[in-house]
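Here the structure is laid out as structure tokens; the discussion comes afterwards.
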Amino acid sequence: MTGPAPSGTRPLRLLVLGAGGRGAHAYARWCLEHPDEAQVVAVADPDPERRHRLGDTHAVPDSGRFTDWRQALAAPGPWDGVIVATPDRDHVEPTLRALELGRHVLLEKPIAPTQEEVQRLTVAAQRSSGTVTVAHVLRYTPFFRTLRRLLDEGRIGQLQGISHIENVAYWHFAHSYVRGNWHRTDLSSPMLLAKACHDIDILRWLVGAPCVAVASFGERRHFRAEHAPKGSTERCIDGCAAADTCPYNAERLYVDQLATVNGPPVTVITNDTSVAGRRHALRTTDYGRCVYRMDNDVVDHQTSTLLFGNGVTASLVVSAFTAQNTRTLVLMGSHGQITADMRSGRIEVAPFLETPPQVDGRRANPTLEVGAGARGITEEVTEAFTGHGGGDSGLMTDFVRRVRHRLHGDDLGDAPSSLAESLESHLIAFAAERSRRNRTVEEL
């Protein structure tokens, strides 16, 4: 993490491209909470309601409100940094233009949906005086920084393997990857890249060695027409006979279960979060359609095995079919084990010397939860963090301070999730997709 911004410097001026969930609710909102650090001075979004909502919230003048990124980056602009939070397929072009102008860019992940576009952006970044920080927010969370520290301290000896599960949650997967913006590869990215490129990145970071081989398996198994319940309808709101027994009932989710929520994910389906507005969205958008009658094609459960150059192996499971939206890990070392759950923030360290054996399925010491000397770790990471476990805030803090230092003539070096640091996660994801499609082991 960077230190304080140079004294006497003005707030960083930001242009936000894309006023959706990430641009408006994650990154721009941070500016409201830290007005002395950064301010949103311009916004571009084709949706007038979202554009003006963000503009009004941040007191952006009419001259700083644009219908698309081309207009915004054609203007001289008073901004120092650019946040690119456009849809996946629209990441590269605005970032290229911003780099041509020498701007510093915070780029929402994934970098780009194809390996060729990632390489194109890499070349442009090497030639630019601007920089690209990728929104691999997990590196900035207290949770994963604690895991990295425990490994660096040798608390479980030499790392041997990691089991990492990205529990997407049944409702979240239906929202984003069956009905939502990422439901088709040709419109966005392969699911593993779109959802888990920062999971791959964090595995690489924890292991501390390059990935040398990948094998991956997965398919769209459940969200298919042949699995539609008897009596189901095109839309959940059309009197579906399975409404009371289907966990993917859109009316139950958006109208009932999320009744008190007036931000994401409700604002993804409608700008009008009243009951009438939600029901209108269920009648007119994909978010009201039956999950078994969509034109989705992305996988709903995928397992990848990664081999790293130091011999460590890792398994990454990304699944729609989980109750909770969290990340769970087991880190296996030569002298101990770490078990961790990001949602609860709980991290348990079990040094082998202090972990009695289990015999006949019975726990020899049922009170042992955290090994001696490791107590207090749980308390360190279970504070009330929001936005990817505090990662959104950590990312913005680091990005803004690094750019402010650069403008002051003080280069602090590359960000933890710089473009160069983030490339490998994408190359691994592309290799995993080739492996999944071709049933091959892909070497990197």
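Brief remarks on what is shown
- Residue check for His227: farther than 17 Å from Arg436 by Cβ and either among the hydrophobic types (A, V, I, L, M, F, W, C) or surrounded by 18 or more Cβ atoms within 10 Å (Cβ to Cβ) (or both): no
- Pick from segment 5-46, criterion closer than 25 Å to Thr67 by Cα, among the aliphatic types (A, V, I, L, M) and not in a strand (DSSP E or B), ranking: most open to solvent (accessible area, probe 1.4 Å): Leu32
Yes or no, residue by residue, for (1) at pLDDT below 90; (2) assigned to a loop (DSSP other than H, G, I, E, B); (3) among the acidic types (Asp, Glu):
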position	(1), (2), (3)
Thr386	yes, yes, no
Leu395	no, no, no
Asp414	yes, yes, yes
Ser422	no, no, no
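- Any chance Thr86 is open to solvent by less than 80 Å² (accessible area, probe 1.4 Å), in a loop (DSSP other than H, G, I, E, B) and among the polar types (S, T, N, Q): yes
- Test: residue in segment 168-190 that is modelled with pLDDT of 95 or more, at negative phi and among the acidic types (Asp, Glu): no
- Selection status of Arg235, basic (Lys, Arg) and open to solvent by 30 Å² or more (accessible area, probe 1.4 Å): yes
- The one condition in (1) closer than 23 Å to Leu412 by Cβ; (2) in contact (Cβ under 8 Å) with a residue 40 or more places away in the chain; (3) in contact with a Gly (Cβ under 6 Å, 6 or more places away or on another chain) that Ala85 fails to fulfil: (1)
The values are calculated or read from the model by the stated rules, or taken from the named source; none is laboratory data. Not measured: the values here are computed from a predicted model. Here the Cβ is made from the backbone with ideal geometry for all residues, glycine too, and neighbour counts use every protein chain on show. Note: areas computed on protein heavy atoms with side chains; ligands, DNA, RNA excluded. Shrake-Rupley method; radii C 1.70, N 1.55, O 1.52, S 1.80 Å.
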